[in-house]
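The values are calculated or read from the model by the stated rules, or taken from the named source; none is laboratory data. Only a predicted model underlies this, so the values are computations on that prediction, with no experimental measurement involved. Here Cβ is always computed from backbone atoms with ideal geometry, including for glycine, and neighbour counts include all displayed protein chains.
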Amino acid sequence: MRKFFVSGAVCLSLMATAAQAAVVYSASVETGSRANIGAAGFFAPGAAADGARVAYDDVPVNNLILGSNTSLEVTKVTVGIRRLAGAPATDVSLFWTGLTTGTTPPDTQIDTPGNLIGTASLGVAGASVTTLVSAGDGVTPLFTVPLNSTLISGFGSFAVGVRLSSTDPLNGWRLTTPSAGFANAGTALWAHDPNGTSGIAGAPTEIGPFNFGAAPAPAATMYIIVEGNPVPEPSSLGLLGMAGLALVRRRR
C-alpha cells in the first residue's frame, strides 16, 4: 500500500498496480524566466488579474518511446514553480487535457475544461526558489490519456496545465529548455480563461497557441516532467485516483 501526501498534512492511500514507469518527457533545464498568466495585463494592457486562468503546455512524447502505442498511462507529473523572495502564498493546481487538431476558431487545440489532478498550497516565499510540485509516485496510474499524433509530427501529444491562485508575478511557472534526450518540438502555450477576463477582443475562453514574441524572447516551454507507460488505448479517461502533491524545494 502506497501513501500520497498533500502538503505534508492530508494522506490518501491507493494500491499500486504497475511497475515503476519511465520518464517519457522532460523539460527541466531552467531559464531565467517565469510566467503567471493570471497577472493583470498579461494578455492585454489594462486587463484585470484573474487567478482562475489555467496555462497549458504541450507534452510531446517521441514516437521512439511510444512504439505502436497511442495512449499514455501517466503515473507522475512534476512542474516547477519559480518564486522570488516575498512572493505571496499561492495554491498550485495541476490539470491535464487532450489536444485536438483541425478545430474551428474560436476553439483551439486544447480540450476544455481540463481535468484536475490535484492542488498544493505554498506559503510566502522567504527566498527566491524553484519549487517542484509533483503528483503521483511513478507507479500508481493517475490517468490515461489518448495522444494526438498530428499536432506535432513524430510525437504523440497531450497537455499539462497549471493554475496559480496568486496573480502576483513574483509567482510563475518556470520556463525551460528541453532536457537532453527529450526533444520538444512544441514552443507554444495555450490558456483556458473561464471568466473571459483576458482583455482579448471577443473574450474567448480558449487562447492560443501563443508564445512570448520573436527571438530573443524565450521559447514557450515550461517546466514539466512526466512519467508513465505507453499503452495501446485508454483504459479510462478519468482519474483513477487522486494522488497527493509532494513539494520539493530547490534553492538557487
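Set side by side, the residues S68, S128, S157, S149 differ, and just one is over 21 Å from P232 (Cβ atoms) and either out of contact with any Ser or Thr (no Cβ under 6 Å at 6 or more places or on another chain) or among the polar types (S, T, N, Q) (or both), which is S128. Looking at this structure, is T97 among the polar types (S, T, N, Q) and modelled with pLDDT of 95 or more? For T97, the condition - among the polar types (S, T, N, Q) and modelled with pLDDT of 95 or more - is met. Look at segment 56-97 and say how many of its residues are of a type in the set (S, T, Y) and at positive phi. So the count comes out to 0. Within segment 149-157, can one find any residue that is surrounded by 19 or more Cβ atoms within 10 Å (Cβ to Cβ), under 19 Å from E206 (Cα atoms) and out of contact with any helix residue (DSSP H, G or I) (no Cβ under 9 Å at 6 or more places or on another chain)? Yes; the residues of segment 149-157 include at least one that is surrounded by 19 or more Cβ atoms within 10 Å (Cβ to Cβ), under 19 Å from E206 (Cα atoms) and out of contact with any helix residue (DSSP H, G or I) (no Cβ under 9 Å at 6 or more places or on another chain).
The residue that is surrounded by the fewest Cβ atoms within 10 Å (Cβ to Cβ), among those in segment 49-72 that are in contact with a His (Cβ under 9 Å, 6 or more places away or on another chain) and farther than 24 Å from P178 by Cβ, is A52. Scan segment 169-179 and give yes if some residue there is under 15 Å from R53 (Cα atoms), out of contact with any strand residue (DSSP E or B) (no Cβ under 6 Å at 6 or more places or on another chain) and surrounded by fewer than 24 Cβ atoms within 10 Å (Cβ to Cβ), otherwise no. Yes, that holds for at least one residue.
Residues in segment 159-196 that are part of a strand (DSSP E or B), of a type in the set (V, I, T) and modelled with pLDDT of 95 or more: V160, V162. Of the residues making up segment 140-181, just one is touching a Lys or Arg at 6+ places or on another chain (Cβ under 7 Å) and within 29 Å of S68 (Cβ to Cβ), namely T140. Residue check: is G46 assigned to a loop (DSSP other than H, G, I, E, B) and crowded, with 19+ Cβ neighbours inside 10 Å? So G46 fails the test. Report every pair of residues separated by at least 6 positions or lying on different chains whose Cβ atoms are under 7 Å apart, first residue within segment 193-207 and small (G, A, S), second modelled with pLDDT of 85 or more and surrounded by fewer than 16 Cβ atoms within 10 Å (Cβ to Cβ). Once the first residue is small (G, A, S) and sits in segment 193-207, its partners that are modelled with pLDDT of 85 or more and surrounded by fewer than 16 Cβ atoms within 10 Å (Cβ to Cβ) give S198/A44; G199/A44; G199/G46; A203/G196.
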